[in-house]
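*Asks:* This is the structure, below, for whatever I ask next.
The values are calculated or read from the model by the stated rules, or taken from the named source; none is laboratory data. Because the structure is a prediction, the values reported are computed rather than measured. All Cβ positions, glycine included, derive from the backbone under ideal geometry; neighbour counts span all protein chains shown.
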Amino acid sequence: MTTNRFLFLAMPVRLTLCLFVSALMVAGLSGCGSSRHVSAKRAASVSAAVSGKGSGASGASQRIDVSGSLPAETRRLLEEARRWMGTSYRYGGSTRSGVDCSGLTSQIFVNALQIKLPRSSAQQSEYCRRIDRSELMEGDLVFFRTGSKGVSHVGMYVGDGRIIHSSTSRGVIVSSLDESYYRRTYHSSGRVERYYAMISGKTGKNKGKTDKNKGKTDKRKDKPAGAPDLKQRMEESPVSVPAEDLDRLLAGVSRKVSEKVSEKVSEKVAADPKASKAVSVAADLTAVASAAADKEKAADRVRKALEKKRRDLEDIIDQKVDSVISDYFD
């Protein structure tokens, strides 16, 4: 009887421990392509996502419309995004069997447009050109700070104030940026420059510009009837120039060009104190090098003179030795 009573009292404790362990497991799976470490604040965010907040559970339409008026590249992005709808979440994943947030955006861009994005959400934020939230258009990326260390989540804008992203609790879904969770964690918006370059010529960027030359008349005088043009006259009577004159002409042109270049360089150097100092230092180094070369030449001359003296002394000594030996033996 006592044992049954003890087990009955221990049941609430066991239930509490189970719930605590489950919460830790959910928090451990909440990373999104950036880090596996999750703070208490991040765990609270994940708990909110599991309960339906910030996960598209608030009624955001899961339909991605692809309008025929959009540029072809934008349509390809949205059509590729459609194919990922419903894919389950997997940390570090980049396949249809499981994908995280930055893996999703990377795969959409590489599959649709052959544009390779960095792997993590933080790196993608650095890669994109920062734009205002009011400038968002289909294909732009939206970044969120769900933890305490900068960007940790990313989604792709699909129009109507919505993004497609990989949620830790529901996988790939469409969520509204007006949801309180995403308004609270919103960090920044970015545009992939290579993608924008592809569509910029198709969005009416230069619409409204007029031809400045429209309506202007050609002010050149009409050529008199029957007058031969310049090309015809040159073909009929070609001009011949002696080779030596041509060489002198080219030499003169080369000299003038050199003088002009030297003059321009001198002006630039004179106008820039740093350049003047550099030129002065270079001149000093040249002088030092020249002096060192002169000293080396002088030392070489001294070495040669000493070598000649040594040989002369050896000859004199040899002669004296021969003379002494001859006198002794004779």
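*Asks:* What do you reckon, is Val151 touching a residue at least 12 places away in the same chain (Cβ under 8 Å), touching a Phe, Trp or Tyr at 6+ places or on another chain (Cβ under 6 Å), in the same structural domain as Gly86 (by TED's automatic domain parsing) and surrounded by 17 or more Cβ atoms within 10 Å (Cβ to Cβ)?
*Replies:* Against the criterion (touching a residue at least 12 places away in the same chain (Cβ under 8 Å), touching a Phe, Trp or Tyr at 6+ places or on another chain (Cβ under 6 Å), in the same structural domain as Gly86 (by TED's automatic domain parsing) and surrounded by 17 or more Cβ atoms within 10 Å (Cβ to Cβ)), Val151 qualifies.
*Asks:* I'd like the residue in the stretch 69-91 that is part of a loop (DSSP other than H, G, I, E, B) and out of contact with any helix residue (DSSP H, G or I) (no Cβ under 7 Å at 6 or more places or on another chain) and, out of all such residues, is nearest to Ala197 (Cα to Cα).
*Replies:* Within the stretch 69-91, the subset part of a loop (DSSP other than H, G, I, E, B) is 69-71, 84-88, 90-91.
Narrowing the set further to residues that are out of contact with any helix residue (DSSP H, G or I) (no Cβ under 7 Å at 6 or more places or on another chain) leaves 69-70, 85-88, 90-91.
Values: Ser69: 18, Leu70: 15, Met85: 27, Gly86: 31, Thr87: 30, Ser88: 32, Arg90: 32, Tyr91: 32 Å.
Across the stretch 69-91, the extreme among qualifying residues is Leu70.
*Asks:* Sort through Ala275, Ala292 and tell me the only one that's part of a helix (DSSP H, G or I) and modelled with pLDDT of 75 or more.
*Replies:* Ala292
*Asks:* Filter the stretch 115-151 down to residues that are basic (Lys, Arg) and assigned to a loop (DSSP other than H, G, I, E, B) and give me whichever is farthest from His187 (Cα to Cα).
*Replies:* Let us first name the residues in the stretch 115-151 that are basic (Lys, Arg), namely 116, 119, 129-130, 133, 145, 149.
From what is left, the residues that are assigned to a loop (DSSP other than H, G, I, E, B) are 116, 119, 145, 149.
Numbers: Lys116: 23, Arg119: 18, Arg145: 6, Lys149: 11 Å.
Out of the qualifying residues, it is Lys116.
*Asks:* Here is a follow-up. Looking at Thr105, Thr185, Thr146 in this structure, which one is in contact with a Ser or Thr (Cβ under 9 Å, 6 or more places away or on another chain), within 23 Å of Asp65 (Cβ to Cβ) and of a type in the set (S, T, N, Q)?
*Replies:* Matching residue, one of Thr105, Thr185, Thr146: Thr105.
*Asks:* Report yes if Ala60 is under 15 Å from Gly171 (Cβ atoms) and modelled with pLDDT under 95, otherwise no. Spell out the reasoning first.
*Replies:* Numbers: under 15 Å from Gly171 (Cβ atoms): yes; modelled with pLDDT under 95: yes.
Answer is yes for this residue.
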